[in-house]
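What follows is a structure written as structure tokens; I'll ask about it next.
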Amino acid sequence: MDLQFTPQEEAFRAEVQTFLKEKLPKNIANKVKAGQRLSKEDQAQWHAILNERGWYANHWPQEHGGPGWGAVQKFIFDTECALAGGPRIVPFGVNMLGPVLIKYGNEQQKNYWLPRILNGDDWWCQGYSEPGAGSDLASVKTTAVLQGDHYVVNGQKTWTTQGQHANMIFCLVRTNREAKAQQGISFLLVDMNTPGVELRPIRTLDGDIEVNEVFFTDVKVPVENLVGEENKGWTYAKYLLTYERTGIAGVGFCISALAKLQVIAAKVRKNGKPLSQDPLFAARLAKVEIDLENMKTTNLRVIAAVAGGGVPGAESSMLKIRGTEIRQEILSLIRRAMGVYAVPYIDAAQYEGYDEAPVGGVEEAATAAANYFNYRKLSIFGGSNEIQKNIISKMILGL
């Protein structure tokens, strides 16, 4: 089953396809399709291409530089990008901080920070999780004490994705240690080049460096970098997380990965027949196809609900759960289909002497296991799936 679009929507899809064919650099698309990591330069290049067309901040209001798209247009764009090998947009500045500033920031903050996000002048990362505050985010212990015209920040953040590239970090900090957990938190914007900020890389299961620890020792942050009101940061954090969780669902990337899996399953042979005809494998493939079709519809409903400037509710938790489960299942099936070729960290030269190249190409086989292991994190970050079920039970079921 495929979604039916109006003639106007089909025309927009054709426009997106033409844009991707003409503007998406082939070397970047090839890396994405092979499951390889992109450099900061690759991501910045794609950012600049999208921004030149006015499509970078595709869910921002037009008055702040967005294209004014509706839910279906955004869905079409994300899907076509994924199918063409377009990189996932680095979300921290444009998809997370941007909506918070638009809704809660003052005019000075909007006028200064939003254009810098669009132009790529700043590379943002997220300072939420701490060693004792992951899914229980209200337990943050990093403190910010107001002293005159600045805050003094002390503490630690962890699992800071792409922090090694960032020059700015938005942080949840505790500004009132006497108040209840959620009521004493503020939202600060911190320059990572400020004295007292230290970043240490963490090597992940796939052997790469993607996340980091960030330490703050007497870091001075100007008071004008406080977003909204002091001690109201929990409200802004929840607003931001609903956008993050909806994005984690990754509908377009699920569609792209499923298309890759279907090609592999048709090529790989088991007992003389395509793997797609093996009853057990075919049953798992059919189930994930059905689940993905259902998620497409749900995703459109959630996006449509916020098209007028609202924010996704508990539905974003539903998307986060199903989207991460579907992506993990597809990656698991790709790894299984690759068989002995799905060995992590294999160099292409090691395949010399084999009678046949691995199905899907050397690069794809070499990253199958690495991507499988790395994306086990999907059901943990952004609030673990267990936490999302708690949110659903409270906000939707009233339990």
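Considering only residues that are assigned to a loop (DSSP other than H, G, I, E, B), closer than 27 Å to Arg116 by Cβ and polar (S, T, N, Q), which ones fall in region 181-221?
Step one: list which residues in region 181-221 are assigned to a loop (DSSP other than H, G, I, E, B), which gives 192-196, 204-208.
After this cut, where a residue has to be closer than 27 Å to Arg116 by Cβ as well, the list is 192-196.
Listed by number, the residues that qualify are Asn193, Thr194.
Go through region 260-285 and give me each residue that's part of a helix (DSSP H, G or I) and over 26 Å from the mean Cα position of the chain (by Cα). Before the answer, list the steps.
Of region 260-285, the ones part of a helix (DSSP H, G or I) are 260-267, 275-277, 279-285.
Passing the criteria: Ala265, Ala266, Lys267, Leu275, Ser276, Gln277, Pro279, Leu280, Phe281, Ala282, Ala283.
Sort through Gly155, Gly163 and tell me the only one that's in a strand (DSSP E or B) and either closer than 25 Å to Ala44 by Cα or out of contact with any helix residue (DSSP H, G or I) (no Cβ under 7 Å at 6 or more places or on another chain) (or both).
Only one candidate passes the filter, namely Gly155.
Another question about this same structure. Please pick out the residue among Arg174, Arg203 that is closer than 22 Å to Thr235 by Cβ and either touching a residue at least 12 places away in the same chain (Cβ under 8 Å) or of a type outside the set (Asp, Glu) (or both). Before the answer, list the steps.
Values: Arg203 fails: closer than 22 Å to Thr235 by Cβ.
When all the criteria are applied, what remains is Arg174.
Any residue that is surrounded by fewer than 16 Cβ atoms within 10 Å (Cβ to Cβ) and under 22 Å from the mean Cα position of the chain (by Cα) - is there at least one of those in region 5-23?
Within region 5-23 (the criterion being surrounded by fewer than 16 Cβ atoms within 10 Å (Cβ to Cβ) and under 22 Å from the mean Cα position of the chain (by Cα)), the answer is no, since none of the residues qualifies.
Of (1) crowded, with 16+ Cβ neighbours inside 10 Å; (2) under 20 Å from Glu210 (Cβ atoms), Trp60 satisfies all except one. Which?
With (1) crowded, with 16+ Cβ neighbours inside 10 Å; (2) under 20 Å from Glu210 (Cβ atoms) applied to Trp60, the lone miss is (2).
Looking only at region 325-343, count every residue that is among the β-branched types (Val, Ile, Thr), farther than 21 Å from Gly250 by Cβ and touching a residue at least 24 places away in the same chain (Cβ under 8 Å) and tell me the total. Reasoning before the result, please.
Keep residues of region 325-343 that are among the β-branched types (Val, Ile, Thr), which gives 326, 330, 334, 340, 343.
Now drop any that are not farther than 21 Å from Gly250 by Cβ, which leaves 340, 343.
In the following step, the residues that additionally are touching a residue at least 24 places away in the same chain (Cβ under 8 Å) were identified as 343.
Total satisfying the criteria: 1.
Table: residues versus (1) at pLDDT below 95; (2) surrounded by 15 or more Cβ atoms within 10 Å (Cβ to Cβ); (3) assigned by TED's automatic domain parsing to the domain that holds Phe373.
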{"residue": "Thr161", "(1), (2), (3)": "yes, yes, no"}
{"residue": "Arg174", "(1), (2), (3)": "no, yes, no"}
{"residue": "Asp191", "(1), (2), (3)": "no, yes, no"}
{"residue": "Arg203", "(1), (2), (3)": "yes, no, no"}
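Among (1) modelled with pLDDT of 95 or more; (2) buried (at least 20 other Cβ atoms within 10 Å of the Cβ); (3) farther than 26 Å from Tyr372 by Cβ, which single condition is Ile28 missing?
The failed condition is (3).
Which condition number in (1) under 23 Å from Ser186 (Cα atoms); (2) among the aliphatic types (A, V, I, L, M); (3) at pLDDT below 95 is the one that Ile117 fails?
Going through (1) under 23 Å from Ser186 (Cα atoms); (2) among the aliphatic types (A, V, I, L, M); (3) at pLDDT below 95 one by one, Ile117 breaks only (3).
Follow-up question, since we're still on this one. In a loop (DSSP other than H, G, I, E, B), more than 22 Å from the chain's Cα centre (by Cα) and not assigned by TED's automatic domain parsing to the domain that holds Gln328: which single residue out of Glu224, Glu178 fits that description? Working first, answer last.
Numbers: Glu224 fails: in a loop (DSSP other than H, G, I, E, B).
Criteria check complete, one pass: Glu178.
Listed here are the residues, each with its yes/no results for (1) more than 19 Å from Asp218 (Cβ to Cβ); (2) β-branched (Val, Ile, Thr); (3) touching a Leu at 6+ places or on another chain (Cβ under 6 Å).
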{"residue": "Gly93", "(1), (2), (3)": "yes, no, no"}
{"residue": "Gln108", "(1), (2), (3)": "yes, no, no"}
{"residue": "Gly120", "(1), (2), (3)": "yes, no, no"}
{"residue": "Trp124", "(1), (2), (3)": "yes, no, yes"}
{"residue": "Thr142", "(1), (2), (3)": "no, yes, no"}
{"residue": "Val145", "(1), (2), (3)": "no, yes, no"}
{"residue": "Val152", "(1), (2), (3)": "no, yes, no"}
{"residue": "Gln156", "(1), (2), (3)": "no, no, no"}
{"residue": "His165", "(1), (2), (3)": "yes, no, no"}
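Further question on the same structure: Give, as residue ranges, the helices (runs of 4 or more DSSP H) completely inside region 49-147 that count at least 3 residues that are closer than 29 Å to Leu172 by Cα and more than 16 Å from the chain's Cα centre (by Cα). Break it down stepwise before answering.
Working: elements: 71-84, 98-104, 107-119.
Counting at least 3 such residues, we get 98-104, 107-119.
Which ones in region 381-398 are in contact (Cβ under 8 Å) with a residue 60 or more places away in the chain and of a type in the set (A, V, I, L, M)?
Ile387, Ile391, Ile392, Met395, Ile396
Considering only region 61-105, how many residues are at pLDDT 90 or above and among the acidic types (Asp, Glu)?
Of the residues in that region, 2 qualify.
May I pose another question? Looking at (1) modelled with pLDDT of 95 or more; (2) over 30 Å from Ser39 (Cβ atoms); (3) exposed (fewer than 14 other Cβ atoms within 10 Å of the Cβ), which one does Ala179 not meet, given that it meets all the others?
That leaves (1) as the condition not met.
The values are calculated or read from the model by the stated rules, or taken from the named source; none is laboratory data. The model shown is predicted, which means the values in this text are computed figures rather than measured ones. Quick reminder, even Gly has a Cβ in these numbers, built from the backbone with ideal geometry, and neighbours come from all protein chains shown.
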